[in-house]
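All remarks here apply to the structure that follows.
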Amino acid sequence: MSLKLKGTVALVTGASSGIGHATARSLARLGAVVVLVARRKDRLDALVGEIVNAGGKAFAIALDITDRASAEAAVQQTIAQFGRLDILINNAGVMIIGPVVENEIEDWERMIALNQRALLYMTKAALPHLQAAAKRETRRVADIVNISSYAGRVASPNFAVYNMTKFGVNGFTEALRQELGGSHVRVGVLEPGAVNTELNDNHQGAMRAEIDSFFASIEALDAEDIADGVAYMVTRPRHAAIGELWIMPTEQAQKA
(Lines give C-alpha, C1' and ligand atoms only; values in the text may rest on other atoms or scores of the structure.)
Protein backbone atom coordinates (compact mmCIF):
# COMPACT_ATOMS: atom_id res chain seq x y z
CA MET A 1 0.00 0.00 0.00
CA SER A 2 1.21 3.48 -0.86
CA LEU A 3 2.20 5.59 2.15
CA LYS A 4 -0.03 8.49 1.13
CA LEU A 5 -0.06 9.91 4.67
CA LYS A 6 3.66 9.67 5.40
CA GLY A 7 4.80 12.70 7.38
CA THR A 8 1.37 13.41 8.83
CA VAL A 9 -0.07 13.09 12.32
CA ALA A 10 -3.64 11.87 12.82
CA LEU A 11 -5.65 11.92 16.05
CA VAL A 12 -8.49 9.41 16.39
CA THR A 13 -11.00 9.57 19.25
CA GLY A 14 -12.79 6.47 20.46
CA ALA A 15 -9.80 4.46 19.27
CA SER A 16 -10.08 1.63 21.80
CA SER A 17 -12.66 -0.33 19.81
CA GLY A 18 -14.83 -0.54 16.73
CA ILE A 19 -14.59 2.09 14.01
CA GLY A 20 -11.93 4.12 15.85
CA HIS A 21 -9.73 1.05 16.33
CA ALA A 22 -10.03 0.05 12.68
CA THR A 23 -9.48 3.62 11.48
CA ALA A 24 -6.32 4.02 13.52
CA ARG A 25 -4.87 0.86 11.99
CA SER A 26 -5.84 1.98 8.50
CA LEU A 27 -4.26 5.42 8.83
CA ALA A 28 -1.10 3.89 10.31
CA ARG A 29 -0.83 1.56 7.32
CA LEU A 30 -0.98 4.64 5.10
CA GLY A 31 2.04 6.09 6.91
CA ALA A 32 0.46 8.49 9.42
CA VAL A 33 1.65 8.73 13.00
CA VAL A 34 -1.55 7.91 14.85
CA VAL A 35 -2.53 9.38 18.22
CA LEU A 36 -5.07 7.13 19.91
CA VAL A 37 -7.52 8.75 22.32
CA ALA A 38 -10.02 6.90 24.52
CA ARG A 39 -10.58 6.05 28.18
CA ARG A 40 -9.47 2.40 28.20
CA LYS A 41 -5.70 2.55 28.51
CA ASP A 42 -5.16 -1.21 28.30
CA ARG A 43 -6.86 -1.37 24.92
CA LEU A 44 -5.00 1.66 23.62
CA ASP A 45 -1.67 0.19 24.71
CA ALA A 46 -2.52 -3.08 22.95
CA LEU A 47 -3.33 -1.20 19.75
CA VAL A 48 -0.10 0.80 19.95
CA GLY A 49 1.77 -2.50 20.18
CA GLU A 50 -0.09 -3.89 17.18
CA ILE A 51 0.63 -0.82 15.05
CA VAL A 52 4.30 -0.68 16.06
CA ASN A 53 4.77 -4.39 15.39
CA ALA A 54 3.37 -3.83 11.90
CA GLY A 55 5.96 -1.12 11.25
CA GLY A 56 3.85 1.92 12.09
CA LYS A 57 4.00 4.57 14.78
CA ALA A 58 1.31 5.27 17.40
CA PHE A 59 0.92 7.10 20.69
CA ALA A 60 -1.80 6.49 23.29
CA ILE A 61 -3.55 9.16 25.36
CA ALA A 62 -6.02 7.76 27.89
CA LEU A 63 -8.56 10.34 29.05
CA ASP A 64 -12.22 11.33 28.92
CA ILE A 65 -12.86 13.89 26.19
CA THR A 66 -16.29 14.79 27.55
CA ASP A 67 -14.23 16.91 29.95
CA ARG A 68 -13.15 20.05 28.12
CA ALA A 69 -9.77 20.32 29.82
CA SER A 70 -9.00 16.69 28.98
CA ALA A 71 -9.99 17.16 25.34
CA GLU A 72 -7.72 20.18 25.10
CA ALA A 73 -4.94 18.22 26.81
CA ALA A 74 -5.19 15.48 24.17
CA VAL A 75 -4.43 18.01 21.45
CA GLN A 76 -1.72 19.70 23.50
CA GLN A 77 0.01 16.36 24.14
CA THR A 78 -0.14 15.56 20.44
CA ILE A 79 1.55 18.84 19.52
CA ALA A 80 4.11 18.49 22.30
CA GLN A 81 5.00 14.98 21.14
CA PHE A 82 4.95 15.42 17.36
CA GLY A 83 4.87 19.14 16.62
CA ARG A 84 1.90 19.04 14.27
CA LEU A 85 -1.62 17.74 13.68
CA ASP A 86 -2.87 17.06 10.17
CA ILE A 87 -5.97 14.90 10.62
CA LEU A 88 -8.68 14.79 13.28
CA ILE A 89 -11.13 11.89 13.31
CA ASN A 90 -14.01 12.65 15.69
CA ASN A 91 -15.25 9.11 16.12
CA ALA A 92 -16.08 8.68 19.81
CA GLY A 93 -19.79 8.20 20.39
CA VAL A 94 -22.49 6.32 22.24
CA MET A 95 -25.99 5.16 21.28
CA ILE A 96 -28.72 4.51 23.87
CA ILE A 97 -32.14 4.07 22.30
CA GLY A 98 -35.67 3.62 23.61
CA PRO A 99 -38.98 5.50 23.89
CA VAL A 100 -38.65 9.07 25.08
CA VAL A 101 -41.24 8.51 27.81
CA GLU A 102 -39.16 5.67 29.24
CA ASN A 103 -35.58 6.86 28.72
CA GLU A 104 -33.47 8.12 31.58
CA ILE A 105 -32.37 11.73 31.27
CA GLU A 106 -28.90 10.64 32.40
CA ASP A 107 -28.64 8.54 29.22
CA TRP A 108 -29.56 11.58 27.12
CA GLU A 109 -26.93 13.65 28.87
CA ARG A 110 -24.34 10.95 28.25
CA MET A 111 -25.08 10.95 24.51
CA ILE A 112 -25.05 14.74 24.27
CA ALA A 113 -21.77 14.90 26.21
CA LEU A 114 -19.91 12.44 24.00
CA ASN A 115 -21.61 12.72 20.62
CA GLN A 116 -21.72 16.51 20.57
CA ARG A 117 -19.82 18.38 23.29
CA ALA A 118 -16.69 16.21 23.10
CA LEU A 119 -16.65 16.62 19.33
CA LEU A 120 -16.88 20.39 19.74
CA TYR A 121 -14.11 20.46 22.35
CA MET A 122 -11.77 18.39 20.18
CA THR A 123 -12.49 20.39 17.05
CA LYS A 124 -12.01 23.75 18.72
CA ALA A 125 -8.72 22.70 20.28
CA ALA A 126 -7.42 21.15 17.05
CA LEU A 127 -8.38 23.89 14.58
CA PRO A 128 -5.37 26.22 14.94
CA HIS A 129 -3.00 23.29 14.44
CA LEU A 130 -4.95 21.93 11.47
CA GLN A 131 -4.93 25.36 9.86
CA ALA A 132 -1.17 25.54 10.37
CA ALA A 133 -0.71 22.05 8.91
CA ALA A 134 -2.70 23.02 5.81
CA LYS A 135 0.00 25.56 5.00
CA ARG A 136 2.88 23.09 5.43
CA GLU A 137 4.43 20.32 3.49
CA THR A 138 3.95 17.45 2.96
CA ARG A 139 0.35 17.80 1.83
CA ARG A 140 -0.65 21.49 2.28
CA VAL A 141 -4.09 20.28 3.31
CA ALA A 142 -5.62 19.09 6.59
CA ASP A 143 -8.72 17.06 7.42
CA ILE A 144 -11.52 16.75 9.95
CA VAL A 145 -13.77 13.73 9.58
CA ASN A 146 -16.76 13.52 11.90
CA ILE A 147 -18.33 10.09 12.27
CA SER A 148 -22.08 10.58 12.32
CA SER A 149 -24.69 7.95 11.46
CA TYR A 150 -27.54 7.06 9.16
CA ALA A 151 -29.49 8.31 12.19
CA GLY A 152 -28.15 11.76 11.32
CA ARG A 153 -30.13 11.60 8.07
CA VAL A 154 -33.34 9.77 8.99
CA ALA A 155 -35.31 9.96 12.25
CA SER A 156 -36.87 6.79 13.66
CA PRO A 157 -39.02 5.82 16.66
CA ASN A 158 -36.93 5.07 19.77
CA PHE A 159 -33.93 6.97 18.35
CA ALA A 160 -35.12 10.50 19.18
CA VAL A 161 -32.22 11.81 21.26
CA TYR A 162 -29.59 9.83 19.34
CA ASN A 163 -31.14 11.32 16.18
CA MET A 164 -30.84 14.77 17.74
CA THR A 165 -27.15 14.33 18.49
CA LYS A 166 -26.30 13.02 15.03
CA PHE A 167 -28.45 15.53 13.12
CA GLY A 168 -26.50 18.12 15.10
CA VAL A 169 -23.17 16.61 14.07
CA ASN A 170 -24.24 16.77 10.43
CA GLY A 171 -25.32 20.41 10.70
CA PHE A 172 -22.15 21.45 12.51
CA THR A 173 -19.97 19.64 9.98
CA GLU A 174 -21.63 21.30 6.99
CA ALA A 175 -21.40 24.79 8.49
CA LEU A 176 -17.76 24.30 9.48
CA ARG A 177 -16.97 22.93 6.02
CA GLN A 178 -18.22 26.18 4.51
CA GLU A 179 -16.26 28.27 6.99
CA LEU A 180 -12.94 26.51 6.45
CA GLY A 181 -12.93 25.59 2.78
CA GLY A 182 -10.75 28.50 1.79
CA SER A 183 -8.06 27.50 4.28
CA HIS A 184 -7.68 23.98 2.81
CA VAL A 185 -8.89 22.41 6.05
CA ARG A 186 -11.34 19.91 4.61
CA VAL A 187 -14.32 19.00 6.80
CA GLY A 188 -16.43 15.97 6.05
CA VAL A 189 -19.02 13.75 7.67
CA LEU A 190 -19.19 9.99 7.32
CA GLU A 191 -22.57 8.40 8.01
CA PRO A 192 -22.47 4.64 8.60
CA GLY A 193 -25.46 2.38 8.54
CA ALA A 194 -25.54 -0.80 10.62
CA VAL A 195 -22.03 -1.77 11.77
CA ASN A 196 -20.97 -4.64 14.02
CA THR A 197 -19.44 -2.71 16.94
CA GLU A 198 -19.80 -2.25 20.70
CA LEU A 199 -22.21 0.62 20.01
CA ASN A 200 -25.01 -1.92 20.15
CA ASP A 201 -24.08 -3.27 23.59
CA ASN A 202 -25.80 -0.60 25.72
CA HIS A 203 -29.23 -2.20 25.47
CA GLN A 204 -31.22 -4.92 27.16
CA GLY A 205 -34.72 -6.30 26.95
CA ALA A 206 -36.96 -5.19 24.08
CA MET A 207 -34.48 -2.73 22.58
CA ARG A 208 -31.69 -5.31 22.48
CA ALA A 209 -34.07 -7.86 20.92
CA GLU A 210 -35.04 -5.29 18.26
CA ILE A 211 -31.40 -4.56 17.45
CA ASP A 212 -30.46 -8.24 17.32
CA SER A 213 -33.42 -9.00 15.06
CA PHE A 214 -32.46 -6.23 12.65
CA PHE A 215 -28.82 -7.29 12.48
CA ALA A 216 -29.91 -10.89 11.88
CA SER A 217 -31.95 -9.75 8.87
CA ILE A 218 -29.04 -8.11 6.98
CA GLU A 219 -25.34 -8.53 6.30
CA ALA A 220 -24.05 -5.71 8.47
CA LEU A 221 -20.89 -3.74 7.87
CA ASP A 222 -17.65 -4.31 9.73
CA ALA A 223 -15.64 -1.50 11.31
CA GLU A 224 -13.04 -1.93 8.57
CA ASP A 225 -15.61 -0.90 5.96
CA ILE A 226 -15.96 2.47 7.66
CA ALA A 227 -12.20 2.78 8.15
CA ASP A 228 -11.82 2.34 4.39
CA GLY A 229 -14.21 5.26 3.90
CA VAL A 230 -12.25 7.47 6.28
CA ALA A 231 -9.01 6.59 4.49
CA TYR A 232 -10.59 7.48 1.16
CA MET A 233 -11.70 10.88 2.45
CA VAL A 234 -8.35 11.92 3.89
CA THR A 235 -6.22 10.70 0.97
CA ARG A 236 -7.91 12.71 -1.77
CA PRO A 237 -5.62 15.15 -3.59
CA ARG A 238 -5.50 18.67 -2.23
CA HIS A 239 -7.97 20.03 -4.77
CA ALA A 240 -10.69 17.44 -3.92
CA ALA A 241 -12.86 17.41 -0.80
CA ILE A 242 -15.43 14.83 0.28
CA GLY A 243 -18.06 16.71 2.27
CA GLU A 244 -20.34 13.76 2.96
CA LEU A 245 -19.97 9.99 2.64
CA TRP A 246 -22.83 7.59 3.33
CA ILE A 247 -21.86 3.91 3.77
CA MET A 248 -24.67 1.40 4.21
CA PRO A 249 -25.07 -2.38 4.18
CA THR A 250 -26.53 -3.17 0.78
CA GLU A 251 -29.68 -4.68 2.25
CA GLN A 252 -30.24 -1.75 4.60
CA ALA A 253 -29.78 0.72 1.75
CA GLN A 254 -32.45 -1.10 -0.25
CA LYS A 255 -34.90 -0.63 2.62
CA ALA A 256 -34.00 3.00 3.35
Which strands (runs of 3 or more DSSP E) does region 26-100 wholly contain that include 3 or more residues that are modelled with pLDDT of 95 or more, hydrophobic (A, V, I, L, M, F, W, C) and more than 27 Å from G193 (Cα to Cα)? 57-62
Within the set of pairs 6 or more residues apart or between chains, which connect a residue that is at negative phi inside region 111-124 to a residue that is part of a helix (DSSP H, G or I) and hydroxyl-bearing (S, T, Y) with Cβ atoms less than 8 Å apart? M111/Y162; M111/T165; I112/T165; N115/Y162; N115/T165; Q116/T165
Which listed residue, of A194, A216, A220, A206, is surrounded by 14 or more Cβ atoms within 10 Å (Cβ to Cβ), within 24 Å of I96 (Cβ to Cβ), free of Cβ contacts under 8 Å to residues at least 40 places away in the same chain and over 14 Å from the mean Cα position of the chain (by Cα): A220
Considering region 168-202, residues that are touching a helix residue (DSSP H, G or I) at 6+ places or on another chain (Cβ under 9 Å) and among the charged types (D, E, K, R), and then whichever is farthest from K124 (Cα to Cα), we arrive at D201
Might you let me know whether region 67-74 holds any residue that is polar (S, T, N, Q) and crowded, with 23+ Cβ neighbours inside 10 Å? no
I'd like to know if region 102-112 contains one or more residues that are touching a Gly at 6+ places or on another chain (Cβ under 8 Å) and aromatic (F, W, Y). no
Going by what's in this entry, would A113 be described as surrounded by fewer than 20 Cβ atoms within 10 Å (Cβ to Cβ), within 24 Å of V195 (Cα to Cα) and of a type outside the set (V, I, T)? yes
Answer residue from region 1-15, given it is within 12 Å of V234 (Cα to Cα) and assigned to a loop (DSSP other than H, G, I, E, B) and is farthest from the chain's Cα centre (by Cα) among those: K4
From (1) without any contact (Cβ under 8 Å) to a residue 60 or more places away in the chain; (2) crowded, with 17+ Cβ neighbours inside 10 Å; (3) under 30 Å from S217 (Cα atoms), pick out the condition that doesn't hold for A142. (3)
Give me a count of the residues in region 235-250 that are of a type in the set (D, E, K, R) and either buried (at least 18 other Cβ atoms within 10 Å of the Cβ) or in a loop (DSSP other than H, G, I, E, B) (or both). 2
Helices (runs of 4 or more DSSP H) (entirely within region 115-234) containing at least 2 residues that are modelled with pLDDT under 95 and among the hydrophobic types (A, V, I, L, M, F, W, C): 205-216
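The values are calculated or read from the model by the stated rules, or taken from the named source; none is laboratory data. Computed from a predicted model, the values in this text were never measured in an experiment. Positions of Cβ are generated from backbone atoms using ideal geometry, with glycine treated the same way; all protein chains shown enter the neighbour counts.
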